[in-house]
Amino acid sequence: MRVLFVSVSLGLAALSLNGCGDDDSGVGSPAPKGGSGGSMAGRTGRGGSGGTTSTGGRTESAGRDSSSAGEQTTGGAAGETNAGTPGTCEGFSQRLIDCSLIDKPIECASGGSDPSAPCYYGCYEAAACGALTDYYCNSATNSVEDCLTACDTFPCGDGSTVPSFYTCDGSEDCGNGADEQGCVTAQVFHCTSGETVDGINRCDGYDQCSDGSDEAGCPELTCPQPTAPTPGAACGDAAANLETCHILPSGGMTGCLDRTEYRACAVECWAKGSCTDVVGYFCGGTTDGAAVQACIDACDAVSDEFPCKTGGQNVPGNYVCDAVSDCDDGSDEADCMFACATGSQNVSLSVTCDGVSDCDDGSDETGCQAECSGAR
């Protein structure tokens with residue numbers, strides 16, 4: 001995938017955005033064909049905080065137009081007014097803001113451009129917010145990707161085409177020279193330290209200034225954050241169902257954790273399953289619990305990231321209640337103590353159901369597995 005620099009790098013691993021052009025040196029870019037000249041537009045990479053899914057409309061695949069240089073047809077979702085319309089860096093920036101995907105506008109004025117850029121920008125402007133969110137936040141291969149792929153071919157306007165990365169490389173590849181028209185070189189960026197760097201490197205995710213000022217104040221990708229389930233709610237529902245099905249006589253599931261969307265979803269599958277299905281899942285017998293397993297497999301669509309209480313930080317679900325604080329605010333280890341059945345003793349949930357009794361009464365090792373002898 002080529003990298004479309006349009007003025008900022010959205011986070012680590014991110015979508016490299018800088019001005020309105022591309023110097024063809026981005027990750028995944030085709031090797032330069034040769035020559036020098038203006039910056040060359042491509043498409044953005046994508047990145048950001050994962051672990052969430054998002055729904056929304058899908059744009060249609062792009063078509064092509066050969067009426068004039070740079071006027072390539074881009075696809076859009078039904079109802080989008082600018083489907084098939086070349087876009088601009090400013091329009092791209094505004095679309096990401098409208099879809100709540102970046103926290104500030106892109107610095108379009110600082111970058112270069114080339115005749116292939118409007119096609120790429122048009123893809124983003126025409127896309128539904130749901131499709132853009134999936135593309136940037138979930139690395140989805142969807143209609144946004146399809147539209148951008150179509151833009152990788154540049155129509156010369158005389159019926160012929162060339163690869164888009166041939167535009168503004170200092171060599172005319174179209175018979176009419178359209179691939180070298182409308183080239184704008186990115187402005188020089190003045191570092192706070194006094195150095196200067198190519199403006200195309202502004203907000204590309206890498207420090208070119210010795211003081212890092214070329215990466216200061218850049219927009220950040222703002223992907224939807226996972227929802228923190230109510231601790232214990234799903235586990236309580238599941239325990240009640242398993243007790244009804246006579247495979248959890250103690251009435252409690254020791255060590256059950258439901259602190260992420262995925263884990264709460266999976267545990268709810270135990271709560272919602274019929275006794276035949278949950279007994280089959282845990283104990284085998286007349287069924288293999290396929291319905292419960294299918295329910296759990298469907299939970300792969302949601303996040304197993306734990307949203308820390310403050311700071312917008314997320315940590316993997318298996319880091320929660322492991323006796324090590326991974327959230328800066330320590331919220332992944334909050335409410336992680338197990339109250340032993342007798343006395344006032346408490347032990348960490350991280351040591352429950354590990355085959356070693358930490359409670360004096362051994363209650364941290366009860367309710368750890370299904371008891372199939374009385375299942376029905």
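The values are calculated or read from the model by the stated rules, or taken from the named source; none is laboratory data. Computed from a prediction, not measured in an experiment: that's the story for all the values here. Note: ideal-geometry Cβ built from the backbone for every residue, glycine included; neighbour counts use all protein chains shown.
Output the residue which, of all residues in the stretch 179-207 that are within 26 Å of the chain's Cα centre (by Cα) and closer than 18 Å to Asp169 by Cα, is surrounded by the most Cβ atoms within 10 Å (Cβ to Cβ). Full working, then the answer.
Step one: filter the stretch 179-207 for residues within 26 Å of the chain's Cα centre (by Cα), giving 200-207.
With closer than 18 Å to Asp169 by Cα added as a condition, the list becomes 200-201.
On the way: Ile200: 31, Asn201: 23.
Ranking the qualifying residues of the stretch 179-207, first place goes to Ile200.
Within the bounds of the stretch 209-220, is there any residue that is of a type in the set (Gly, Ala, Ser), free of Cβ contacts under 8 Å to residues at least 60 places away in the same chain and touching a strand residue (DSSP E or B) at 6+ places or on another chain (Cβ under 9 Å)?
yes
Determine whether Thr161 is of a type in the set (Ser, Thr, Tyr), buried (at least 16 other Cβ atoms within 10 Å of the Cβ) and out of contact with any helix residue (DSSP H, G or I) (no Cβ under 6 Å at 6 or more places or on another chain).
Here the answer is yes, as Thr161 does meet what is asked.
Scanning for something outside any loop (DSSP other than H, G, I, E, B), within 24 Å of Pro229 (Cα to Cα), in contact with a Pro (Cβ under 7 Å, 6 or more places away or on another chain) and of a type in the set (Asp, Glu), does the stretch 304-314 turn up at least one residue?
yes
If you go through the stretch 359-374, how many residues are part of a loop (DSSP other than H, G, I, E, B), of a type in the set (D, E, K, R) and closer than 15 Å to Cys340 by Cα?
Total meeting the criteria: 2.
Starting from residues that are surrounded by fewer than 18 Cβ atoms within 10 Å (Cβ to Cβ) and among the hydroxyl-bearing types (Ser, Thr, Tyr), keep the ones in the stretch 124-158 and report whichever is nearest to Gly182 (Cα to Cα).
Thr153
Conditions: (1) surrounded by fewer than 15 Cβ atoms within 10 Å (Cβ to Cβ); (2) within 30 Å of Val267 (Cβ to Cβ); (3) within 29 Å of the chain's Cα centre (by Cα). Thr244 meets all but one. Number of the miss?
So Thr244 meets the others, but not (3).
Anything in the stretch 164-178 that is touching a Phe, Trp or Tyr at 6+ places or on another chain (Cβ under 6 Å) and either surrounded by fewer than 17 Cβ atoms within 10 Å (Cβ to Cβ) or assigned to a loop (DSSP other than H, G, I, E, B) (or both)? List them, or say none.
Thr167, Asp173
Only one of Val347, Val356 is in the same structural domain as Ala238 (by TED's automatic domain parsing), touching an Asp or Glu at 6+ places or on another chain (Cβ under 8 Å) and either assigned to a loop (DSSP other than H, G, I, E, B) or loosely packed, with under 15 Cβ neighbours inside 10 Å (or both). Can you tell me which?
Val356
Let's see how each residue does on (1) of a type outside the set (A, V, I, L, M, F, W, C); (2) modelled with pLDDT under 90; (3) touching a strand residue (DSSP E or B) at 6+ places or on another chain (Cβ under 6 Å):
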position: Gly87; (1), (2), (3): yes, no, no
position: Ile106; (1), (2), (3): no, no, no
position: Ser116; (1), (2), (3): yes, no, yes
position: Ala126; (1), (2), (3): no, no, no
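Report, by residue number, each residue of the stretch 94-119 that is within 16 Å of Ala186 (Cβ to Cβ) and of a type outside the set (Asp, Glu).
Ile106, Cys108, Ala109, Ser110, Gly111, Gly112, Ser113, Pro115, Ser116, Ala117
Here's the yes/no breakdown for (1) without any contact (Cβ under 8 Å) to a residue 60 or more places away in the chain; (2) among the polar types (S, T, N, Q); (3) assigned by TED's automatic domain parsing to the domain that holds Leu96:
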position	(1), (2), (3)
Asn142	no, yes, yes
Asp146	no, no, yes
Cys151	no, no, yes
Cys156	no, no, yes
Thr161	no, yes, yes
Cys168	no, no, yes
Gly177	yes, no, yes
Cys183	no, no, yes
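This table checks each residue for (1) in the same structural domain as Asp354 (by TED's automatic domain parsing); (2) surrounded by fewer than 20 Cβ atoms within 10 Å (Cβ to Cβ); (3) modelled with pLDDT of 90 or more.
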{"residue": "Cys209", "(1), (2), (3)": "no, no, yes"}
{"residue": "Asp237", "(1), (2), (3)": "yes, yes, yes"}
{"residue": "Leu248", "(1), (2), (3)": "yes, no, no"}
{"residue": "Arg263", "(1), (2), (3)": "yes, no, yes"}
{"residue": "Trp270", "(1), (2), (3)": "yes, no, yes"}
{"residue": "Asp288", "(1), (2), (3)": "yes, yes, no"}
{"residue": "Ser303", "(1), (2), (3)": "yes, no, no"}
{"residue": "Asn318", "(1), (2), (3)": "yes, yes, yes"}
{"residue": "Asp326", "(1), (2), (3)": "yes, yes, yes"}
